[in-house]
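Following: one structure in structure tokens, then a few remarks.
The values are calculated or read from the model by the stated rules, or taken from the named source; none is laboratory data. Note that the structure is a prediction, hence the values are computed from the model and not measured. Neighbour counts run over all protein chains shown; Cβ positions are idealised from the backbone, glycine included.
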Amino acid sequence: MELVDYIVIVLYIIGIVAAGMVFAGKVKNSKDMFAAGGQSPWWVSGLSAFMTMFSAGTFVVWGGIAYKYGVVAIAINLCYGVSALFVGWFLAGVWRKAGVYSASEFLRIRFGGSIVQFYTWFKGSLTLFSTGGAVYALSKIVTALMPLPEGHFLADPATGHLSVAFTSVALCIIVIVIACVGGLWAVLVTDVLQFVILTVSVVFVVPLILMAVGGWGTFVAAAPEGFLKPVAADFSVWFLLGWMTVNFFVFAADWSFVQRWVCVPTVKDAKKAAYLIGGLYLVSPIFWMLPPIFYRVVNPDADTEQAYILACKYVLPAGMMGLMVAAMASATASMATTRLNVFAGAFTEAYQNLVSRTVSDKQLVFVGRVITLILGSVVVGGALLVPKYGYTKFILDINTLLYVPLFLPAVWGLFSRKIGLTAVWVTTIAGFVTAYIVKFALARGGFLTEVELLLPVVEWIAANSRIADMLGGIVMPFLILITLELLEKHEYPGWQRAIAAQRAFHETPAVKVYTLPGKMVAVALVLIAVLMSVLSIVNREEAGVMITLAIVLFAIAGIIYALLRRADKVA
């Protein structure tokens with residue numbers, strides 16, 4: 001990258017942190033910090049939830065699969081859209097009507113404190129470690145573009161590029177500052193900013209690289225066999241169905257997403273937020289995955305994990321390349337700030353229950369910020385440790401094996417009168433044991449691979465590892481809960497507590513349309529458009545591309561401004 005790219009990245013980071021700081025004064029109590037006061041606009045909540053699924057891992061994991069296998073990466077990501085639409089139809093509104101402001105609060109009411117403690121510590125550690133892995137993935141991408149002079153104190157001696165460890169820690173610090181100071185409001189609004197900038201950046205890459213490869217016909221002629229099919233290798237139709245099921249429960253009960261369903265004013269808003277995610281995921285993967293797919297015919301020997309950023313580098317001019325790197329950084333920051341805020345909220349709630357229900361709002365906000373700092377150190381640890389396991393492998397394994405046992409009981413508890421704490425523990429533990437048996441005991445020379453009666457199973461798992469993981473992670477939890485539901489004859493006491501919370505819930509539609517998030521997005525777009533216009537003067541060879549980008553950004557900002565003026569008049 002050139003000097004102008006570094007300038008764009010630094011300015012972008014300063015802008016994102018500043019946007020988060022705007023909301024520091026809006027945080028008056030823990031409800032503001034962790035649930036946005038229940039008054040987030042539905043479109044802000046929906047875009048924030050959409051961005052929660054994005055990180056550098058999107059470009060490293062799925063970008064690598066797109067480069068290696070082709071269109072199957074688009075098919076996998078389209079599954080998210082279907083899952084989100086079903087959650088909007090069946091569950092988002094149910095969560096809002098539950099009368100709670102977090103998933104942990106519902107679990108405490110429905111099942112008691114012990115399961116909340118387990119989820120907070122186990123899921124929190126797992127999530128924050130995987131977040132650290134995403135930061136590592138981003139650092140690997142960024143540092144590959146940043147060679148340093150020999151002997152530079154920030155250089156990795158092995159590569160001569162900027163140190164991955166240093167970059168990971170620096171990025172983690174930025175994430176912690178945003179989540180700590182501004183709470184959920186800062187997370188929501190910076191997510192919206194990042195969505196717009198990332199989308200515009202990626203959409204611009206697609207036509208540029210398509211032209212660079214000689215057009216669609218040239219690409220199709222040069223593409224590897226089977227590259228345009230929606231299934232490939234281990235990613236079969238059955239995998240896609242399983243992936244859709246797993247992510248239905250992620251959207252349905254992952255604490256980050258539940259937070260989005262309950263931070264809006266009404267039940268209708270919760271549904272609309274989920275539908276927005278679904279709609280975006282039925283369109284956006286086509287644009288996200290095309291750059292590495294096209295790049296395959298340009299350079300068939302690239303590092304798969306770096307294919308996405310190399311595709312961008314191949315076609316983007318100086319300045320826009322910096323904006324693209326900043327956009328990738330923003331996606332990772334979006335996911336990380338969301339998760340930090342969610343689990344800081346859970347630990348703060350645990351602190352309140354442990355100390356006193358009458359603790360002051362000011363003290364809770366202070367404790368929440370301290371906890372955010374502490375959890376941020378866990379993210380830093382993940383950034384340094386997850387790569388030792390393998391980031392892509394880590395993400396696929398925890399999604400397919402662990403998420404349904406973790407999330408299914410909470411969803412079941414929204415509707416079932418009978419299942420209680422014991423059912424949750426049995427389902428979760430049995431699901432984990434099954435995952436261990438499928439992933440380790442029956443594979444890779446595990447202790448059960450030598451049992452003669454199990455040899456057909458071992459051979460089938462070896463030949464269908466992805467499907468085996470899905471079956472182990474999905475089928476067992478369902479069978480256990482169905483069995484316990486049929487055997488249990490009495491209503492669990494927690495059901496009445498949950499009903500009482502629902503009865504106490506009253507929708508509180510926003511008295512006035514909250515336009516500040518939209519205004520901040522419009523201002524940010526104008527500033528970036530001005531920056532691109534200035535860069536077009538400096539870089540005359542690529543002035544056409546930059547001016548086009550600036551015009552698009554000015555147009556989007558103008559549309560947003562017009563919509564906000566109309567909203568103010570209606571209010």
Restricting the search to region 64-116, which residues are under 28 Å from residue 422 (Cα atoms), hydroxyl-bearing (Ser, Thr, Tyr) and in a helix (DSSP H, G or I)? 104, 114
Is it the case, given these coordinates, that residue 382 is touching a helix residue (DSSP H, G or I) at 6+ places or on another chain (Cβ under 9 Å), buried (at least 22 other Cβ atoms within 10 Å of the Cβ) and farther than 25 Å from residue 261 by Cβ? yes
Starting from residues that are small (Gly, Ala, Ser) and assigned to a loop (DSSP other than H, G, I, E, B), keep the ones in region 151-165 and report whichever is surrounded by the most Cβ atoms within 10 Å (Cβ to Cβ). 163
Which condition does residue 433 not pass, out of (1) of a type in the set (A, V, I, L, M); (2) in a helix (DSSP H, G or I); (3) crowded, with 18+ Cβ neighbours inside 10 Å; (4) out of contact with any Ser or Thr (no Cβ under 8 Å at 6 or more places or on another chain), if it passes all the others? (3)
Taking the condition free of Cβ contacts under 8 Å to residues at least 24 places away in the same chain and among the small types (Gly, Ala, Ser), does residue 307 pass? no
So, restricting to helices (runs of 4 or more DSSP H) that lie completely within region 201-290, which ones have at least 1 residues that are small (Gly, Ala, Ser), touching a Ser or Thr at 6+ places or on another chain (Cβ under 8 Å) and closer than 19 Å to residue 400 by Cβ? 237-253, 255-262
Single residue of region 84-96 satisfying the filter (surrounded by 24 or more Cβ atoms within 10 Å (Cβ to Cβ) and under 20 Å from the mean Cα position of the chain (by Cα)) that is farthest from residue 244 (Cα to Cα): 95
So residue 206 ticks every box in (1) at pLDDT 85 or above; (2) surrounded by 23 or more Cβ atoms within 10 Å (Cβ to Cβ); (3) in contact with a Leu (Cβ under 7 Å, 6 or more places away or on another chain) but one. Which box is left unticked? (2)
Which members of region 531-547 meet the condition of being free of Cβ contacts under 8 Å to residues at least 24 places away in the same chain and of a type in the set (Val, Ile, Thr)? 534, 537, 547
Suppose we keep only residues that are closer than 11 Å to residue 319 by Cα and not small (Gly, Ala, Ser) within region 535-544. Which one would you say is surrounded by the fewest Cβ atoms within 10 Å (Cβ to Cβ)? 538
Run down 359, 342 and say which single residue is crowded, with 20+ Cβ neighbours inside 10 Å, outside the structural domain of residue 542 (by TED's automatic domain parsing) and modelled with pLDDT under 75. 342
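For (1) assigned by TED's automatic domain parsing to the domain that holds residue 14; (2) at pLDDT 80 or above; (3) among the β-branched types (Val, Ile, Thr), each residue gets a yes or a no:
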position	(1), (2), (3)
455	no, yes, no
474	no, yes, yes
504	no, yes, no
508	no, no, yes
521	no, no, yes
Taking the conditions exactly as written (hydroxyl-bearing (Ser, Thr, Tyr), at pLDDT 80 or above and more than 25 Å from residue 309 (Cα to Cα)), does residue 114 satisfy them or not? yes
Qualifying positions in region 438-454 - surrounded by 12 or more Cβ atoms within 10 Å (Cβ to Cβ) and not in a loop (DSSP other than H, G, I, E, B): 438, 439, 440, 441, 454
Kindly evaluate residue 126 against the criterion of being in the same structural domain as residue 249 (by TED's automatic domain parsing), in contact (Cβ under 8 Å) with a residue 24 or more places away in the chain, surrounded by fewer than 21 Cβ atoms within 10 Å (Cβ to Cβ) and within 16 Å of the chain's Cα centre (by Cα). yes
Go through region 264-277 residue by residue and tally those that are within 17 Å of the chain's Cα centre (by Cα) and surrounded by 22 or more Cβ atoms within 10 Å (Cβ to Cβ). 3
